[in-house]
1. With an 8 Å cut-off on Cα pairs and a minimum separation of 6 or more residues, tell me the relative contact order of the stretch 172-259 in percent.
2. With the full set of protein chains in place, find how many percent of the accessible area of the stretch 68-162 is carbon and sulfur; take the probe as 1.4 Å.
3. Can you give the charge dipole size of the chain about its Cα centre, rounded to the nearest 20 debye, using +1 on the beta carbon of Lys and Arg and -1 on the beta carbon of Asp and Glu?
4. Expressed as an acute angle from 0 to 90° and rounded to the nearest 10, what is the orientation of the C-alpha long axis of helix 184-200 relative to the principal long axis of the chain?
5. Gain in length, V71 to R210, computed as 0.36 nm per residue apart minus the alpha-carbon separation, to one decimal in nm?
6. Could you work out the relative contact order of the chain, using alpha carbon pairs under 8 angstrom and six or more residues apart, expressed as a whole percent?
7. Please compute P(r) over all alpha-carbon pairs of the chain, binned at 5 Å starting from zero, and give each bin as a whole-number percent.
8. Provide the gained length on full extension for the span E34 to K18, in nm with one decimal, where the gain is 0.36 nm per separating residue minus the Cα-Cα distance.
Amino acid sequence: SSGINAEYGYVRDIKNGKVRAVVGQTYILNQDEELWSKELPEQIEKLLSAEIDPLADRTARAHNKDNKGRVKHKVVTYRVPHNAAAQIYDYKAKRARVAFGPDLIMLAPDEHFTQLSLSGGKPKRPNVIRSLCLLLGPDFMTDIITVETSDHARLSLQLSYNWHFEVEESNEASAAALFAVPDFVGDACKALASRIRGAVASVPFDDFHRNSARIIRTSVFGLDENMKVKDSFRFNANRLVITNVDNSRTEKTSRQLMT
C-alpha cells in the first residue's frame, strides 16, 4: 500500500472503476485502489501552467510557455482571481457550476474547466485571448470599424467601450448567464458596430462630422421617453452592461460623394 498527501489525490477503485478525489487528509491506498491520472486538454494544461495575471495580461495572446509537468494524480486546482468568475463543467452529470474569485477550485474527477476564447486586437479578431476566467470589470475594450455616411463618405472609427458584468453571485441562473455567450467581446463589438453603422448610414458626412459623439452615443444607448440619451446598454443574455462609448479617432478612408 502507498500513502498520498490526499489534500491532492485522485483514487480509483479497481473493482468498480469509480474514481474520487480525496481531499484534506493523508490517505493510505488499500489493495483494491490505485492512483488515477486526470488528463486535461493541452490548451488547459498550458493555461494552468502559464501563471499569468489575467488582469495585467488580459490582452495577452495565447502563451507558449512549456508545462512544468503537472503530477496527474494530484487534484487539479485553480485559484479564481478576485473580481472574476470561472465555469466548471461536470461531463457525467452534464451540468455546470460557476466559481467566483478568490475561490480555490478543486476539480472533481469528472469535471473540466470551460476555456474562454475571446476576440482581441484592433480591429477585433476571434480567438486572440484564451483564459480560464472571465473578468467581471469595470474595464474597457477598443475596436476599429468602417462606416459609410448617407452621401457615401467612408470613415474609420476607433471606438472604446466601457463595460462590466452585472451579476448576483448567489443566484445560480445569474451566474450561469455570464457564460451564455462564448465570446462576449466579439459578440458585443459586432452588435455595437452594427448599431453605429446603421445610424451613420442615415446622416450625411457634414452632420456626422459636427455631431459624431451624439450620433454614436444615441445609436448605442438609445433615447428615453424625454428624448435624452440613456446611460447604459444591457446585453440581457449574459448580463454585460456597456456604460460609455468614446470615439477617439475618425479617419476618412475615401470620400466618394454622389454628384
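1. Relative contact order for the stretch 172-259 comes out at 27 percent.
2. 51 percent
3. Approximately 600 debye in magnitude.
4. Rounded to the nearest ten degrees, it is 10.
5. Computed gain between V71 and R210 is 43.8 nm.
6. 15 percent
7. 1, 5, 11, 14, 14, 12, 10, 8, 7, 5, 4, 3, 2, 2, 1, 0, 0, 0
8. That works out to 4.7 nm of additional length.
The values are calculated or read from the model by the stated rules, or taken from the named source; none is laboratory data. Predicted model only: the values in this text are computed from it and were never measured. Don't worry about glycine lacking a Cβ; one is built from the backbone with ideal geometry, like all the others, and counts go over all protein chains shown. These area figures cover heavy atoms from the full protein model, side chains too; ligands, DNA and RNA do not enter into them. Shrake-Rupley method; radii C 1.70, N 1.55, O 1.52, S 1.80 Å.
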